[in-house]
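What follows is a set of notes on a single structure, which appears directly below.
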């Protein structure tokens, strides 16, 4: 039988029509769609028993208590711990999504660990007489900080540099703020109700004090304050000086002009702070006015008190002293090791770089992202992130008693990451044991304070707990709190050095004053923010329409943000809610390198 | 021929079959040992469903042979004695983006296991697991053996509609 072409075509056509009448093509379409939902790159959450684990959030200095809901040991949601004496059950948006951080797209998980160690050893060998090896610790006060101090004591010309925290204009590391005792709080542009201190503690104490927020923009703190003083951008210091004058019975004419606040209002503010005490003034770390006002208002020893440090083993006390960056001689650091694994105060590179030797300094940074000092360092070594690593969290600025709590690992760190304290100790030739355990044992030996366990919400006197149980409780996310002693004036109170290094320039060539947006962005919400423009992006600035017209830029235009410290390419957003004379910038490392709060700036067309 | 291939050949070819690790008889356990579904497929103390029992549960009764069947002997030799967990294939496994609460359906709505899983509890042996070669899902998602429904989203929605129960995306897709 001969098959004709017509018959073949008829057969093929009939088959095609016939197949369409079967489930095959439709099932293939469905299956292909399902396959595309399940391709190998998509993470698959583990299935298994549901358990609760407790830890402490290490994403900022607050160290809020965290209850993690885990499925098959994998944390799937985080929440606060009700009844906790420090964080009062609160957890911010950043903390709620903290378990997403290990999967952040900017995460660095590999680096030249051995090569960096060899480079550090070689640089230390050729160290000059007046040259230093330095550790810059962005979150001082930890057990790891003590390791760094011991390591720097063990090497030639070692220096331990602590980044200063923002505490009421005071650089004293032993100073704490007692919001519960304050009746009137004047905030000089500090985001007091937006993640400052321990958010849960601030909100719990909020009903007891009258809050006056002095700020150029209507931040969320300004919106929630009892009184918002709408001052000119960058005039916080002038406001403080004016109030000081008013407290002394003088009329602050110059301050009134600089801030845009009427002279009579200065007198009323001074009167309120004086009569409705105890009063407290909260400013940035470099705010001289805040320090002077607190001294004048008698806040020291009342609302600003000395805080003891949690006990440490006696053997650790042979350690390098704590110094701030400003006190390090310019051009003297040959080897700089930076621990930025735990988020803390970021010192702009323009302040760090002058401290390095001119010829071939070595900078090694240990962090989880390239967005910080990794942009300037020869070596970036990857570290674990919360909640992968065990690390203690020093007490927050609003914690009047010492505390010891740990961020307990909830997930395993990837292969190849280093522990900064171990790496630096090894580079310094310092032998290390389990330092967290040693510290816990020293605290237990001192016998002070109470141990709070989250799972049952109970507080037990430390002396009533066995040493093994004490460590077990801390490993299970518990918290040791020192007993608060009598309120004492902090010992080392002084206005932070470099207070006026970058004060607002009103020069004609820098007509704008920078205002930082401080609130951290959650890794969970960052995508939404980026897509919705609800928040300034890393390299975005916002200015008033009049300022945009004057600069010749439009909404969405590329431009340069210039300051005395340098310039950076930015995208301009035109926003009528930004006050004239101000430029709103995101508080991100790349921007902070050239532009701090209150500095003079200008936006020019790129 | 095309119709035959599409209706008979394709459904056969699209699924790959693999036997369960143990020839388990629900019928024997239900009739002779008097066990109920929830004795093995239990709820945890917090109300969550434990799913397929682990070896610990089986070892509680089968540390030594209770009968004379080859299947039981094989199970003890291969899994109980060496403490090796059987790698059961889950006929009803849902995609990762689906949240299903057994507790809400069994304890609150009072549904029986057979409503969704069919007469599995009366089976004398475990049928081979059939996995879609492309999507990787169990064939039971399209049609549960012994029933006239599947376990697709449309099946859930149909049942909820017929029972006049709430239905919103976030009920299942958290």
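The values are calculated or read from the model by the stated rules, or taken from the named source; none is laboratory data. Being a predicted model, the structure only gives us computed values, none of them experimental. All Cβ positions, even for glycine, are placed from backbone atoms using ideal geometry, and neighbour counts span all protein chains on display.
List of remarks:
Listed here are the residues, each with its yes/no results for (1) touching a residue at least 40 places away in the same chain (Cβ under 8 Å); (2) not assigned by TED's automatic domain parsing to the domain that holds residue A:282; (3) not in a strand (DSSP E or B).
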residue: A:360; (1), (2), (3): no, yes, yes
residue: A:363; (1), (2), (3): no, yes, no
residue: A:374; (1), (2), (3): yes, yes, yes
residue: A:381; (1), (2), (3): yes, yes, no
residue: A:387; (1), (2), (3): yes, yes, yes
residue: A:396; (1), (2), (3): yes, yes, yes
residue: A:411; (1), (2), (3): yes, yes, yes
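- Residue in the stretch A:245-265 that is on the phi > 0 side of the Ramachandran plot and in a loop (DSSP other than H, G, I, E, B) present: yes
- Filter pass, residue A:83 being modelled with pLDDT under 90, surrounded by fewer than 22 Cβ atoms within 10 Å (Cβ to Cβ) and either in contact with a helix residue (DSSP H, G or I) (Cβ under 6 Å, 6 or more places away or on another chain) or in a loop (DSSP other than H, G, I, E, B) (or both): yes
- When residues in the stretch B:127-161 are screened for being in contact with a strand residue (DSSP E or B) (Cβ under 8 Å, 6 or more places away or on another chain), more than 17 Å from residue A:37 (Cα to Cα) and surrounded by fewer than 17 Cβ atoms within 10 Å (Cβ to Cβ), 1 of them pass.
- Segments classed as helices (runs of 4 or more DSSP H), wholly inside the stretch B:1-81, with at least 1 members that are within 14 Å of chain A (Cβ to nearest Cβ): B:10-14, B:55-62
- Exactly one residue out of B:92, B:63, B:70 is in contact (Cβ under 8 Å) with a residue 12 or more places away in the chain and more than 30 Å from residue B:167 (Cα to Cα), and it is B:63.
- Boolean, residue A:51 is more than 30 Å from residue A:371 (Cβ to Cβ) and either away from chain B (no Cβ under 14 Å) or surrounded by 15 or more Cβ atoms within 10 Å (Cβ to Cβ) (or both): no
- Residues that are free of Cβ contacts under 8 Å to residues at least 40 places away in the same chain and in a loop (DSSP other than H, G, I, E, B) were ranked within the stretch A:544-568; the one that is surrounded by the fewest Cβ atoms within 10 Å (Cβ to Cβ) is A:556.
- Some residue of the stretch B:144-153 being more than 13 Å from the chain's Cα centre (by Cα) and not in a loop (DSSP other than H, G, I, E, B): yes
- Candidate set: the stretch A:18-41, residues that are at pLDDT 85 or above and assigned to a loop (DSSP other than H, G, I, E, B); chosen: the one nearest to the other protein chains (Cβ to nearest Cβ): A:22
- A single member of A:44, A:67, A:6 is away from chain B (no Cβ under 12 Å) and not in a helix (DSSP H, G or I), and it is A:67.
- Residue check, residue A:78 part of a loop (DSSP other than H, G, I, E, B), away from chain B (no Cβ under 14 Å), under 49 Å from the mean Cα position of the chain (by Cα) and surrounded by 21 or more Cβ atoms within 10 Å (Cβ to Cβ): no
- Test: residue in the stretch A:303-320 that is on the phi > 0 side of the Ramachandran plot and without any contact (Cβ under 8 Å) to a residue 40 or more places away in the chain: no
- Filtered residue count, the stretch A:332-358, keeping only those that are in a strand (DSSP E or B) and within 24 Å of residue A:109 (Cα to Cα): 5
- Subset of the stretch B:95-112 (residues that are more than 13 Å from every other protein chain (Cβ to nearest Cβ), on the phi < 0 side of the Ramachandran plot and assigned to a loop (DSSP other than H, G, I, E, B)): B:109, B:111, B:112
- Remark: residue B:62 falls outside the filter, which requires a residue to be at pLDDT 90 or above and either under 22 Å from residue B:146 (Cβ atoms) or under 20 Å from the mean Cα position of the chain (by Cα) (or both).
- Residue A:15 out of contact with any helix residue (DSSP H, G or I) (no Cβ under 6 Å at 6 or more places or on another chain), free of Cβ contacts under 8 Å to residues at least 12 places away in the same chain and within 11 Å of another protein chain (Cβ to nearest Cβ): no
- Condition met for residue A:98 (buried (at least 16 other Cβ atoms within 10 Å of the Cβ) and under 18 Å from the mean Cα position of the chain (by Cα)): yes
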